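S.K.: This structure is in C-alpha cells; I'll ask about it shortly.
The values are calculated or read from the model by the stated rules, or taken from the named source; none is laboratory data. Note that this is a predicted model, so its numbers are computed, not measured. Positions of Cβ are backbone-derived with ideal geometry, glycine not excepted, and every protein chain shown enters the neighbour counts.
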C-alpha cells in the first residue's frame, strides 16, 4: 500500500472501527498525521488544534482496525491510557504482524 492509498483509505473510513488495517496502512497514516500536526504546532497553535481534532477520530479508528488485523479486540486501544507504560504496550501491539486470513475478529470476545 502506498502513502496516498493509506491516507485516502483512512480518511474514507473516518469513523469505521470494523475491519482490518494493514501495518503499512496504519503507519503511513500515522506519518501523515504527524507530518501535518507537528509543523503546525511550531507555527500556529490554533491550526494545530484544528488539525489534531480533525484527525484524532480517523487515527483511533485506524488503530482499532490495526489491532483487529493483529488478532486482538479493538478494546485493547485503552491500554494506551495506562500511565507511563501503556503507550509502550500499545506501540508493541500495533507493531505486530498480521494474524493472517481469518485470524482477526471484529467482536469483543478474544480470538
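Every residue, every condition in (1) within 12 Å of the chain's Cα centre (by Cα); (2) within 17 Å of residue 100 (Cα to Cα), yes or no:
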{"site": "8", "(1), (2)": "no, no"}
{"site": "11", "(1), (2)": "yes, no"}
{"site": "23", "(1), (2)": "yes, yes"}
{"site": "26", "(1), (2)": "yes, yes"}
{"site": "30", "(1), (2)": "yes, no"}
{"site": "36", "(1), (2)": "no, no"}
{"site": "56", "(1), (2)": "yes, no"}
{"site": "60", "(1), (2)": "yes, no"}
{"site": "66", "(1), (2)": "yes, yes"}
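S.K.: Go through the stretch 81-98 residue by residue and tally those that are farther than 19 Å from residue 6 by Cβ and over 12 Å from the mean Cα position of the chain (by Cα).
M.R.: Of the residues in the stretch 81-98, 10 are farther than 19 Å from residue 6 by Cβ and over 12 Å from the mean Cα position of the chain (by Cα).
S.K.: I'd like to know if the stretch 61-74 contains one or more residues that are loosely packed, with under 13 Cβ neighbours inside 10 Å and at pLDDT below 95.
M.R.: First pass over the stretch 61-74, keeping only residues loosely packed, with under 13 Cβ neighbours inside 10 Å: none.
No, the conditions are met nowhere in the stretch 61-74.
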